[in-house]
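Each remark here refers to the structure printed beneath this line.
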Amino acid sequence: MKKVAIIGGAGYTARELIRLLMRHPEAQVVAISDIQEGRPHIASIHPSLAGLLDLCLEKLTPQEVAARADCVFCCLPHGASSSLIPALLDGGTRVVDFSADYRLNDPDVFAKWYDQKHTDPERLGKVPYGLPELFREQIGPAPLVANPGCYPTSTILALAPLLEAGLIEPRGIIADSKSGVSGAGRTPKLLTHYPECNESLCAYGLGRHRHQPEIAQLLSTAAGEAVDVLFTPHLVPMDRGILTTTYSQPRGDVGEEKLLDTLREFYAEEPFVRVVDHLPATKDSMMSNFCDVTVRRIGDRVVTVSCLDNLIKGASGAAVQNFNLMFGFPEVTALI
């Protein structure tokens with residue numbers, strides 16, 4: 001039984017994480033740290049957890065958290081995580097970080113896209129990216145894992161096998177993604193205010209969304225060369241889910257069946273990627289750790305469609321999947 005703690009327990013991803021860990025036979029949630037005033041019971045923050053977990057949110061130092069837990073799930077915003085994680089690691093615990101603080105390899109790129117200087121730059125480029133389908137061997141022994149972004153997961157899983165096989169051009173890729181409102185987090189914002197987002201569909205962060213360099217970096221790793229990708233996110237008036245459609249150019253006269261076979265072969269042994277013949281919808285993967293993906297050849301374009309639950313495969317489910325790999329548990333534990 002591994003003792004686990006959560007830092008940043010008030011958000012949607014923390015709620016989903018707790019729900020998954022409560023059914024994990026080898027995990028015990030022993031502490032939840034947050035900056036809430038007083039010591040509110042977890043059920044007062046997440047009423048759906050009433051009667052399931054008898055813990056209060058506490059203001060704990062990294063040293064106090066590390067002393068209690070074998071693994072810490074850090075559900076903090078970018079910038080906040082990297083200010084705490086060095087102390088957690090020094091305390092002897094292992095960490096799965098939900099923020100973007102350790103996903104990028106270059107501190108200058110981080111500073112450009114996140115408008116702040118990285119507080120732990122020496123670790124950048126040394127922390128495995130927590131996408132088991134691509135980096136399983138690095139994740140297992142790691143003291144710290146950078147949990148992927150939700151948009152990048154849907155894009156990378158669709159394109160990485162095709163780029164690695166040299167079936168599509170690495171230039172001029174377009175990724176068009178649509179997400180439910182929970183992807184913006186629980187903190188109120190004008191864009192996600194009900195009268196603003198209900199009965200409306202909008203693009204946002206065009207050309208400046210912080211997931212763009214993350215997507216480009218990981219796809220370049222898969223391709224073995226620089227990948228140029230234009231990422232456009234959209235907000236959809238639904239609670240959860242992401243659907244990503246990508247457009248790229250084929251290399252040579254590659255047919256649709258070859259493209260599908262490449263995806264099928266790449267993910268044949270993967271428990272959480274389903275290569276499907278139909279066009280997947282967000283309801284197909286809702287409340288699950290699955291990413292559904294397919295591909296079509298349309299004229300002189302290769303079009304992929306992928307979907308996942310942004311709070312599970314795009315966040316907390318991926319974190320539990322990484323936790324399982326880090327501690328030697330079956331990868332599907334608590335996820336199927």
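Some notes on this structure:
- Estimated vicinal HN-Hα couplings, Hz - the stretch 165-181 in sequence order (Karplus 6.51, -1.76, 1.60; Gly, Pro = x): 7, x, 8, 10, 6, x, 10, x, 7, 10, 10, 10, 10, 10, 10, x, 5
- The value of relative contact order for the chain, using C-alpha pairs under 8 Å at least six residues apart, is 17 percent.
- Using only the C-alpha atoms, the convex hull of the stretch 75-196 corresponds to 142 Å³ per residue.
- Pairwise alpha-carbon distances in the stretch 192-336 exceed 19 Å for 63% of all pairs.
- Distance between the pseudo-spin-label points of residue 115 and residue 39 (7 Å out from Cα toward the beta carbon): 3.8 nm.
- Here the Karplus curve 6.51 cos²θ - 1.76 cosθ + 1.60, taken at θ = phi - 60°, turns the phi angles of the stretch 185-201 into couplings of x, 8, 5, x, 9, 4, 4, 9, 5, 3, x, 7, 9, 5, 6, 8, 10 Hz, with x standing for Gly and Pro.
- Dipole magnitude of the stretch 251-310 about its Cα centre (Cβ charges: Lys, Arg +1; Asp, Glu -1), debye to nearest 20: 200 debye
- Other residues with beta-carbon under 11 Å from the beta-carbon of residue 144 carry, at +1 per Lys or Arg and -1 per Asp or Glu, a net charge of 0.
- Between residue 68 and residue 50, residue separation times 0.36 nm minus the direct Cα-Cα distance comes to 4.2 nm.
- Sorted peptide list for 213-225, 72-84, criterion being average Cβ within 10 angstrom, highest first: 72-84, 213-225
- Residue ranges 190-203, 46-59 sort as 46-59, 190-203 when ordered by packing (mean number of other C-beta atoms within 10 Å per residue, highest first).
- If you sort the three axes of the alpha carbon gyration tensor as a ≥ b ≥ c, you get a/c of 1.5 or more for the stretch 221-291 and a/b no higher than b/c, which makes it oblate.
- Using the Cβ-Cβ distance between residue 279 and residue 138 with R0 = 35 Å, the FRET efficiency computed as 1/(1 + (r/R0)^6) comes to roughly 0.60.
- What the Cβ-Cβ distance of residue 225 and residue 200 gives, at R0 = 25 Å and to the nearest 0.05, is a FRET efficiency of 0.05.
- Rg over Rh for the chain works out to 0.96, using Cα positions for both radii and the Kirkwood form for Rh.
- Here, the stretch 2-127 is characterised by an Rg to Rh ratio of 0.99, where Rg is the alpha-carbon radius of gyration and Rh the Kirkwood radius.
- Considering only 263, 60, 308, the mean-square fluctuation computed in a Gaussian network model of the chain, springs between alpha carbons under 10 angstrom, is largest for 60.
- Note on the stretch 2-127: antiparallel DSSP beta bridges, both residues inside, total approximately 5 percent of the bridges counted.
- Selection from 262, 299, 183, by position along the positive dipole direction of the chain (Cβ): 183
- Note on residue 301 and residue 258: the model spin-label points, each 7 Å out from Cα along the C-beta direction, lie 2.1 nm apart.
Bear in mind these aren't lab numbers, they're just calculated from the coordinates by the rules spelled out. Just so you know, these numbers come straight off a predicted model, no measurement behind them. Backbone-built Cβ (ideal geometry, glycine too); neighbour counts: all protein chains shown.
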